[in-house]
Structures are given as structure tokens and as C-alpha cells.
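Heads up, the thing below is written out as C-alpha cells.
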Amino acid sequence: MRNNIVHPGADQLTYEIRGIVKDAHHLASLGVDIIWENIGDPIAKGVEVPEWIKDIVKNVVSDNSAYGYSPTAGVTDAREAIVQMRAAEGRTLSSDDILFFNGLGDAISIVYSYLNQNSKVIGPNPAYPTHSSAEAAHSDSPHVSYELDPYKNWLPSIDDLRNKVKYNPAISAILIINPDNPTGMVYPRVILEQIVSIAREYDLFIISDEIYANITYGNEPFVSIYDLIGDDVPTLVMRGLSKEIPWPGARCGWIEFHNRTSDSVFDRYVTSLFDAKMLQVCATTLPQRVLPKLFSDPRYTAHLQEKSALYKKRADEAYKVLRSIPGIIAPKPEGAFYYSVIFEDGVLNNNQTLAIETKEVQEFIQKTVQEFSPDKRLVYYLMASTGICVVPLSGFNSQLHGFRFTLLEPDDQTFTNLLSKLKESMEYYISR
Ligand code: PLP
């Protein structure tokens with residue numbers, strides 16, 4: 001190349017959740033029956049979208065106008081439906097402060113791309129890679145994070161957050177993922193209050209990714225950051241359709257901006273996000289046309305409750321099985337549909353293995369895992385031995401050794417079998 005065309009942050013773009021797929025496919029070609037536990041796509045796990053929701057989509061598809069572009073900020077009725085929903089929750093939001101995207105993946109990419117390169121956003125660790133990689137790439141520097149403590153039910157360490165904010169003047173925003181991916185932790189109100197107070201003290205804005213807001217099932221009630229920011233802390237709340245309908249293939253998410261005019265720099269930044277979307281014309285029209293019909297349907301609340309009840313059942317069952325494995329810390333998730341477990345220090349080493357049926361698979365694994373972190377090594381042995389494909393926690397920017405699987409399996413017996421295979425394999429692996 002005549003010039004170096006590679007973006008300085010290119011090396012920061014990693015996504016282990018999908019990165020493992022190539023090797024999983026290779027194992028499948030060698031005869032391993034893969035059980036996909038790596039990705040948070042309910043549809044891929046066989047979850048059926050209810051017929052009444054499909055009927056709404058079919059009706060919208062029959063309407064010719066659903067094939068056109070929509071206004072840059074989003075379909076007017078969709079934004080109005082969100083305003084009304086927030087009003088019913090007792091929250092005030094103007095439709096001018098809503099911006100639609102092609103899924104939150106798109107929103108996240110734009111939010112970090114248009115942030116001044118010298119501004120950093122601190123986020124939770126383990127870190128959801130779409131945020132942490134995009135943030136690191138935009139600033140061409142490693143993502144700075146605050147710890148979620150597995151020994152305290154994944155609660156955020158406020159001391160760690162405060163210290164890092166204090167000593168990193170480039171930090172301009174705090175990211176919250178509530179409920180969290182990959183831990184399933186739901187931020188308690190008192191923790192959120194402390195985060196808001198740090199943001200206020202250091203003049204930061206808040207990014208609150210609430211894509212799982214309607215999927216909670218534990219003791220900790222979900223509190224939207226909106227309820228705590230007063231009228232002075234600039235905040236951006238992310239919501240979407242991918243997880244709750246579920247309809248990840250719709251690529252539909254949006255940002256709700258709060259306290260936009262409380263800070264002129266924040267206001268200018270938000271305008272740049274609207275302008276960036278304008279260059280792309282608009283987000284996909286179809287799901288936005290479906291949204292008002294869905295949210296106003298009396299069956300929607302029951303649909304969400306039913307989903308959460310199933311994830312609760314899965315989390316309870318998994319907790320019972322996992323907590324009995326020595327050397328494993330497995331805090332029970334209270335929201336979203338993931339379960340993250342970690343291994344106590346010293347439990348994993350580089351000599352442990354699992355039985356692998358064929359010689360070809362065995363050779364591939366032995367060759368592949370040579371340079372791997374201990375948790376990634378375990379994950380590859382697990383996949384080769386049982387077909388279960390999970391994500392190592394090191395793929396979430398974490399120093400902890402562990403892995404994440406999902407609570408998405410729709411069939412009770414299949415989930416029970418998955419858990420007993422996991423338990424049996426973990427016990428064998430760590431006893432070596
Ligand atoms: N934010 C979080 C916390 C997620 O877990 C995901 C997807 O798994 C996304 C955003 C991206 O969602 P979307 O399908 O809207 O791009």
C-alpha cells in the first residue's frame with residue numbers, strides 16, 4: 001500500500017463470542033456435535049417468537065410504506081410510543097431526544113467513533129466486547145475498566161471506579177450495563193447512586209446500556225439510571241428489541257438522551273450523533289413500524305414476564321449444580337440470560353485435559369491450545385470433549401479465569417443434560 005491504511009485502533013477489535021465459532025466449525029467438520037452456548041441469540045437456540053408477534057410483523061410487511069426510508073431520528077410513531085411508555089413509567093422524555101440505530105451494535109459503534117479521540121469511557125470488567133473493543137479502538141488505547149467482584153455477587157467495586165476516574169483525567173464517561181452481560185448482575189440502587197455521584201463530582205456523562213431492562217428475575221429490582229440522574233447529569237440510555245421479543249435480526253435499538261442541554265459540550269456531542277446517523281440516512285424502517293403495535297399490545301407484558309420466569313428457572317437450576325463444584329465461584333444471575341462462572345486461583349493449570357474421542361480432534365486441540373490462557377484452554381477441551389461451546393472470560397477483557405454460558409435453552413431436559421455434562425467435565429478437568 002502506498003500509505004498505511006490501517007486504523008491505529010485496528011488491533012483492539014476483538015470479539016471472542018464469535019471468534020471461537022471458526023474453530024467450533026472446524027471441530028464440527030471433524031464430527032463433533034456442537035452445542036452453541038457462546039452467543040446471546042435466543043433464535044439460534046431454538047426459541048420461538050410468539051405467533052401474535054409474527055402476525056403483527058406480517059401485517060406491517062404488507063404495508064407498502066414500510067419499505068421506504070424513515071426520518072433520520074426514527075419513525076415518528078415509534079418514538080411517540082417510547083415517549084408514552086416512559087410517561088406510563090412516570091418518566092419524562094421528548095421524542096426529539098430519541099435516536100434509532102440498526103441495533104445497539106450500530107449505536108455503540110457511532111457513540112465511540114464520534115467521541116473525541118482523547119476522551120475515554122470507563123466500563124465494567126468483565127467487559128462486553130462490543131463496548132470495550134469499540135472504546136479501545138476509538139481512543140487507540142486499552143479499555144479502562146472497573147471491577148465487578150465475583151466474590152460479592154459481581155457487585156461493582158466503587159472504590160476501584162472512583163480511583164480510576166480520579167487518576168485518569170481522560171475519562172469522560174462511565175458505562176453501566178444494567179442488567180449486565182456477561183455476569184447477569186443487576187446494579188443495586190445504592191451502587192447506581194454512587195456512580196451518579198462520581199459522574200456529578202467529576203463532570204462526566206453516563207452511558208447506560210439497558211438492553212436487558214425487561215429481563216430481570218432476582219431479588220434486586222431493576223432501577224433505570226434515569227431515576228437517579230436528576231436534572232444535571234448528562235446521560236444516554238440504550239434500549240433495543242433484540243433480546244426481549246426476541247428479534248436480534250431486526251437490528252433495532254435506540255438511544256434516549258437525558259439532560260442534554262444541561263451541558264453545552266454534551267449537547268454538541270449528541271448533535272454529532274444525530275448528524276452521523278443522518279449521513280447513513282436512517283435506521284431500518286420495518287422493526288420501528290412494528291414497535292408501536294407491539295408495545296401497545298396487552299399481551300406484551302405477559303410475554304416479558306413469561307420469558308423472565310423461564311430464565312429464573314434456568315438460573316436457579318444452574319446455581320444448584322454449579323455451586324456444588326469445588327474450586328468454582330458461580331454467583332447466581334438476576335437478569336439478562338447469561339451465567340458466568342470463575343475458577344478460584346490456582347485451580348486451572350496447563351496440564352489438565354478431558355477425554356477426546358478421535359485422534360484428529362485430539363491433535364487439533366493439542367496444537368491449538370498451546371499459547372492459550374488457562375480458561376480458554378479449558379473451553380477448547382470442553383468443546384472438543386462434549387461439544388459445548390462457551391466463551392472464556394478472558395474474551396471479556398478479564399483477568400479472571402472462567403467462562404460464560406447462556407440460559408437460553410428452551411427445552412428443560414436438554415438444559416438439565418447440559419448442566420450435568422458441564423459439571424462432570426469441570427470436576428474431571430480440575431481434578432487432574
Ligand atoms: N449491549 C449488550 C449489553 C448486549 O449484550 C448486546 C448483544 O448481545 C448488545 C448491546 C447489542 O445488541 P443489538 O442486537 O441491539 O446490536
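Below are the figures for this structure:
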quantity: Unmet criterion (only one of (1) more than 23 Å from Q288 (Cα to Cα); (2) out of contact with any Asp or Glu (no Cβ under 7 Å at 6 or more places or on another chain); (3) at pLDDT 95 or above; (4) polar (S, T, N, Q)) for N125; calculated: (2)
quantity: Region 234-272 - residue that is of a type in the set (V, I, T) and surrounded by 23 or more Cβ atoms within 10 Å (Cβ to Cβ) and, of those, farthest from the ligand (Cβ to nearest atom); calculated: T235
quantity: Among (1) more than 15 Å from the ligand (Cβ to nearest atom); (2) at pLDDT 95 or above - the single one S141 does not satisfy; calculated: (2)
quantity: All positions within region 96-109 that are out of contact with any Phe, Trp or Tyr (no Cβ under 7 Å at 6 or more places or on another chain), in contact (Cβ under 8 Å) with a residue 60 or more places away in the chain and surrounded by fewer than 23 Cβ atoms within 10 Å (Cβ to Cβ); calculated: N102, G105, D106
quantity: Total residues in region 240-269, condition closer than 20 Å to I82 by Cα and free of Cβ contacts under 8 Å to residues at least 60 places away in the same chain; calculated: 2
quantity: Index of the failed condition, K54 passing every other in (1) without any contact (Cβ under 8 Å) to a residue 24 or more places away in the chain; (2) assigned to a loop (DSSP other than H, G, I, E, B); (3) away from the ligand (no atom under 16 Å from the Cβ); calculated: (2)
quantity: Test: residue in region 210-220 that is in a loop (DSSP other than H, G, I, E, B), of a type in the set (D, E, K, R), in contact (Cβ under 8 Å) with a residue 40 or more places away in the chain and assigned by TED's automatic domain parsing to the domain that holds P129; calculated: yes
quantity: Selected residue [at pLDDT 95 or above and either within 13 Å of the ligand (Cβ to nearest atom) or out of contact with any Leu (no Cβ under 8 Å at 6 or more places or on another chain) (or both)] from P150, P179; calculated: P179
quantity: Enumeration of residues in region 276-319 that are touching a residue at least 40 places away in the same chain (Cβ under 8 Å) and β-branched (V, I, T); calculated: V281, T284, T285, V290
quantity: Residue match in region 269-292 (condition: of a type in the set (F, W, Y) and within 29 Å of I39 (Cβ to Cβ)); calculated: no
quantity: In region 16-60, the residues that are at pLDDT 90 or above and of a type in the set (S, T, N, Q); calculated: S29, N59
quantity: Region 67-119: number of residues that are of a type in the set (G, A, S), within 16 Å of the ligand (Cβ to nearest atom) and either assigned to a loop (DSSP other than H, G, I, E, B) or more than 30 Å from G9 (Cβ to Cβ) (or both); calculated: 2
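The values are calculated or read from the model by the stated rules, or taken from the named source; none is laboratory data. If you're wondering where the values come from, they're calculated on a predicted model, not measured in any experiment. Reconstructed Cβ throughout: ideal geometry from the backbone, glycine too, with neighbour counts over all protein chains shown.
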